[in-house]
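The values are calculated or read from the model by the stated rules, or taken from the named source; none is laboratory data. Keep in mind the model is a prediction, meaning the values are calculated, not measured. With ideal geometry, Cβ positions are generated from the backbone for all residues, glycine too; neighbour counts draw on all protein chains shown.
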Amino acid sequence: MDVEGDDSALPEDSGRRRKVHGMLKLYYGLNEEGKSNEQPQALDPCDINGPHFDPEIYMNKLRRECTLAELMDQETCMVKQIRSLDSDMQTLVYENYNKFISATDTIRKMKNDFKKMEDEMDCLSANMEAITDFSARISGTLQDQHTQITKLSGVHTLLRKLQFLFELPARLNKCLELQAYSQAVSSHRRARCVLQQYSHLPSFRGIQDDCHAIMDKLAQELRQKFRDGGTSAKDLSECVELLLQLDEPAEELCDKFLSHARSRLESDLQAASPNENISNLTSLPSPTSNADILEFIDRGCNEFVSSLCLVITSYQELFIVHAQSDELLHAFVDDLAACYFSLVERRIQEEKSVGDNSLLVRALDRFHRRLQAVAKLLPGSSVPHHGTEIVIRAATERVKQYLSALQSFYMDSLTDVRQALATPRLSVAGGASHLGGAELLSSLSASILNQIKSVLASVHLFTAKDITFSNKPYFKGEFCSQGVRESLVVSFIKFICQSSRQFCESAGDKGGSTPPILLLLLSRLCLDYETSTISYILTLTDEQFLVQHHTPVTPVTALCAEAREAAQKLLNHYVKVQGLIISQMLRKSVETRDWVNTIEPRNVRAVMKRVVEDATSIDVQVGLLYEEGVRKAHSSDSSKRTFSVYSSSRQQAARYAASYTPSAPLDTNLLSNIHKLFSERIDIFSSVEFNKVSVMTGIIKISLKTFLECVRLRTFGRYGLQQIQVDCHYLQMYLWRFVSDENLVHFLLDEIVGSSAHRCLDPAPMEQSVIEVICERG
Amino acid sequence: MEDDAPVIYGLEFQARALTAQTAETDAIRFLVGTQSLKFENQIHVIEFDDENNIINKNVLLHQAGEIWHIGASPADKAVLTTCYNKTSDSRVVSCAAVWRMPCDLETESHESPDDSAHNPQALELLCHLDDSTYGNAACVLWEPMGDGKRVISLADNHALLWDLQESFTQAKVSSTATLEGKGQLKFTSGKWSPHHNSSQFATANETAIRAWDLRTMSQIYCIENAHGQLVRDLDFNPNRQYYLASCGDDCKVKFWDVRNVQEPVKTLEDHSHCLRTSFWEPRI
């Protein structure tokens, strides 16, 4: 009934309604704050819609403020509003009137219906009264019969019980015959108390005696059965349960039970043992060592561990009340588990082939998993702990096996390399074999790296997420750092270095069976390891195994240093071996010749050509694996170089020739000695650098030094000296290009010529031009 | 001694042979043999006076040829052996001989004016160890403990045991041992062991060291490939009968226990040039 717009025709009414409305609103706490805001407006008596509207004041105000025209307008406007409000009100009144009429009808109808209902209710209450009456009468009549029935049924039960008691001996006998021991025991248990209670009555006593006799027999039979022990674990536990119910002494049973269980489990073990073929004890087919480890562990778990679990559960069910039983059980389980573990360990030790690690890992996983069951059943047991230890031992053993496999793989690949080096040398003389050097090196290092990777992958299985023991702290920490990183990867790298060093030590003095190129190859391999491979492998390992180093581990730098040392040693050794080969040739050539009575030189001796050829092939060999290296700057023109050598050697020869006039022997010796003092000292067997030039320099140094030493031990005739001159010039022409500092070659060759002049009976040196002609012709 | 300045003695010729005068017990005396193709070779008897830290010398002429090896008799300090090269008819032959030094050696100070060079005395030849039928002599070994009557000379691939009779004037070969093998085998040096009743000696050829029993003149043991290159010299430890030192062209000194010759006991690699000789210090 909300009226909108102005309501000047019924200002009183509207104002009152508003007031009422406002008061209601006030009562329900509606629009409280809004109201307070409008308060000054609402109190305004000139507000036509406000509650405090005062027509008199409004009119006065209008009259005072507005012009006539405005008043006229106001008036028409107000009349219009009043008219519309009137029509609105009429509509509202009409609608509400209809509703009121229908409400009145409804109320009238309800009044009629209630009257009818009242009548029916009265009728109902009357009926109920009648029913109560009847019911009371019936129960009154049935009272006597009811008590009689109750009594009768009580008698019936009693009689039934009595019958059961009387029939008990027969029933027990029958049970005994049928071997339904559990039924017999439960029957007897039910009757036992009653019989005990009424044992003073002779008839009951008889029954009791009979029952006792039968039950004794039964117990006897049970004990017999128990003693035989051949029955299954389930039967046995049932047996024990029955005997316990028959009040047999628990401790004794406990002991017997355990001993039976032990014998049975031991027979399981025996059957599982790979060495003994005892098939008649259990159905377990004895696994021979050729059955794989997974199968073995599977069987062991299915047979032994599950029966052990069964024993534990039944034992706990049966004897858990006894205080000492727990310790007994622990001892028992530990004892048997130890046997089983030793068996498992023996089998694991047999697992030597490193081909497929996943089988072993899976077997160990299963083994470990099954032992967790024991842990759950027997919380304080040390069995799972020992099991984990076995797993750890197996893992460490495995790592060791992988290490030795890697080592043998390495040695095998070295043998392969040796063969590869030997074969082409037979078929194609010279260059072809040397071309293979770099390829062999790359294939060798690649295959080693692959092998390491595959081994890492295999070992990684131990730490896979789905393996139960991988979250043990050992496998998270120590296994990764100490096991895999240290004793596998680091040890292998150390092994490579060490075996390389062994090549230097053993092969050098004893027979020299190692081909020199292998030394060179290994040296390069070690150097590569030093520069990149070691850090790569270790980073790979650390990433794969997320190694957290709790314990100190071998740092990369130490390994690199070791590899570098090995590389250096190998290269030094290579230089020594090659130097020895060439020096041997030179020494033989000097020692076996009669230098006093030799003919005038016409040719360079074949040995020198051979030396140059060998040096060239060594140069090619080394060049394939090592970088060129730095030379000391030398003159660019080779002919000029030859000339400078020529002049210096001529000078020296001339000087020696002059020195051997009898007049002044001391002066020349002194001169040459002073010359030596000021020339650079040459370390013959010094370390070489990792480049071709340095290697070649080392080899040539050794060779020429030996040449010099041999010359000093001989006596020369005139032509002997000249031959040496020719040979040295020839060497001069070809060897300078190999070495880092050609002055070194010049110095050593001058020294050789000088020494031979010194050891010459008739020192008449050959003309340099003749020497050159001979050398160029050769 | 450490406080004193080092004592240096210079020779006018190159020299390769040096030995201690073993029979001399009072003075420290060395014998040095020179090598000269042109001039008269000399033997310098050098005495070191360790109280005054000076050197006394005597020069003796060795006219036969340049000296490659020298050995002093352990029994008679005046007797020595040399191996020398003799050039005749444009052939170089290595010989060995026993010599006696003149007994009235006036010792003169090294510092004194060198007037002995004007009239040096010559050695007296006692006998030739005439081994030319066997080859060129490489060295002569005196029996270390005996009465100085036995020597061994090594000539090419033969080892000859000589008996010196009639006060060294006659030498007779009493037994020989020959190293058989392919190629031209040649002993480079040898040493007579002072142990085992002086019944053993060792020789070096190429890279191998061999020991021989004098009584049977047969090989006792052999260290094949004792060095990477030629073995130059070897010596027995005077106090430990099983220890042997060797050196070679590979710049290494190796110590061997002859009971186990597979591996050297110790290897020194500190030298940077080829080694010619090695001696045990007597006190070790």
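Among (1) under 18 Å from residue A:600 (Cβ atoms); (2) within 14 Å of chain B (Cβ to nearest Cβ); (3) modelled with pLDDT of 85 or more; (4) surrounded by fewer than 24 Cβ atoms within 10 Å (Cβ to Cβ), there is one condition residue A:763 misses while meeting the rest; what is its number?
Among (1) under 18 Å from residue A:600 (Cβ atoms); (2) within 14 Å of chain B (Cβ to nearest Cβ); (3) modelled with pLDDT of 85 or more; (4) surrounded by fewer than 24 Cβ atoms within 10 Å (Cβ to Cβ), residue A:763 violates only (3).
Listed here are the residues, each with its yes/no results for (1) at pLDDT 85 or above; (2) of a type in the set (Lys, Arg); (3) assigned to a helix (DSSP H, G or I).
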position	(1), (2), (3)
A:693	yes, no, yes
A:706	yes, no, yes
A:724	yes, no, yes
A:728	yes, no, yes
A:737	no, yes, yes
A:744	no, no, yes
A:755	yes, no, yes
A:774	yes, no, yes
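Of all residues in the stretch A:566-579, which are within 12 Å of chain B (Cβ to nearest Cβ) and surrounded by fewer than 24 Cβ atoms within 10 Å (Cβ to Cβ)?
Result: A:569, A:572, A:577.
Among the candidates B:19, B:25, B:34, single out the residue that is within 25 Å of residue B:144 (Cα to Cα), within 14 Å of chain A (Cβ to nearest Cβ) and of a type in the set (Val, Ile, Thr).
B:34
Restrict the check to the stretch A:532-547 and report whether at least one residue is of a type outside the set (A, V, I, L, M, F, W, C), more than 14 Å from chain B (Cβ to nearest Cβ), buried (at least 20 other Cβ atoms within 10 Å of the Cβ) and under 15 Å from residue A:700 (Cβ atoms).
No, the stretch A:532-547 has no match at all.
Please go through the stretch A:194-224 and pick out each residue that is outside any helix (DSSP H, G or I) and surrounded by 17 or more Cβ atoms within 10 Å (Cβ to Cβ).
none
Would you call residue B:62 away from every other protein chain (no Cβ under 14 Å) and surrounded by 20 or more Cβ atoms within 10 Å (Cβ to Cβ)?
Spelling it out, residue B:62 is indeed away from every other protein chain (no Cβ under 14 Å) and surrounded by 20 or more Cβ atoms within 10 Å (Cβ to Cβ).
Can we say residue A:47 is of a type in the set (D, E, K, R), outside any helix (DSSP H, G or I) and surrounded by 10 or more Cβ atoms within 10 Å (Cβ to Cβ)?
Considered against the rule, which asks whether it is of a type in the set (D, E, K, R), outside any helix (DSSP H, G or I) and surrounded by 10 or more Cβ atoms within 10 Å (Cβ to Cβ), residue A:47 comes out as yes.
Checking residue B:218 against (1) within 13 Å of chain A (Cβ to nearest Cβ); (2) closer than 21 Å to residue B:155 by Cβ, which single condition isn't satisfied?
(1)
Quick test of your reading of the structure: residue B:39 fulfils all but one of (1) among the aromatic types (Phe, Trp, Tyr); (2) in a strand (DSSP E or B); (3) within 14 Å of chain A (Cβ to nearest Cβ). Name the failing condition by number.
Going through the list (1) among the aromatic types (Phe, Trp, Tyr); (2) in a strand (DSSP E or B); (3) within 14 Å of chain A (Cβ to nearest Cβ), residue B:39 breaks only (2).
Of the conditions (1) in a strand (DSSP E or B); (2) within 14 Å of chain A (Cβ to nearest Cβ); (3) over 20 Å from the mean Cα position of the chain (by Cα), residue B:209 clears all except one; give me its number.
(3)
What is the residue count in the stretch B:44-101 for residues that are in a strand (DSSP E or B) and either touching a Phe, Trp or Tyr at 6+ places or on another chain (Cβ under 7 Å) or not acidic (Asp, Glu) (or both)?
Result for the stretch B:44-101: 40.
From the set of residues in the stretch B:197-206 that are outside any strand (DSSP E or B) and touching a strand residue (DSSP E or B) at 6+ places or on another chain (Cβ under 9 Å), which is farthest from residue B:257 (Cα to Cα)?
B:206
Within the stretch B:95-144, track down each residue that is more than 23 Å from residue B:190 (Cβ to Cβ), of a type in the set (D, E, K, R) and modelled with pLDDT of 80 or more.
If the condition is that a residue be more than 23 Å from residue B:190 (Cβ to Cβ), of a type in the set (D, E, K, R) and modelled with pLDDT of 80 or more, then B:100, B:124 are the ones that fit.
Read through the list (1) farther than 27 Å from residue A:715 by Cβ; (2) within 14 Å of chain B (Cβ to nearest Cβ), then give the number of the only condition that residue A:629 fails.
Evaluating residue A:629 over (1) farther than 27 Å from residue A:715 by Cβ; (2) within 14 Å of chain B (Cβ to nearest Cβ) leaves (2) as the failure.
Could you count how many residues in the stretch A:585-615 are facing chain B (nearest Cβ under 9 Å) and touching a residue at least 60 places away in the same chain (Cβ under 8 Å)?
Count: 5.
How many residues are acidic (Asp, Glu) and within 14 Å of chain B (Cβ to nearest Cβ) if we restrict to the stretch A:694-748?
Matching residues across the stretch A:694-748 total 1.
Any residue that is surrounded by 15 or more Cβ atoms within 10 Å (Cβ to Cβ), out of contact with any Gly (no Cβ under 9 Å at 6 or more places or on another chain), part of a loop (DSSP other than H, G, I, E, B) and modelled with pLDDT of 85 or more - is there at least one of those in the stretch B:166-186?
Scanning the stretch B:166-186, I find no residue that is surrounded by 15 or more Cβ atoms within 10 Å (Cβ to Cβ), out of contact with any Gly (no Cβ under 9 Å at 6 or more places or on another chain), part of a loop (DSSP other than H, G, I, E, B) and modelled with pLDDT of 85 or more, so the answer is no.
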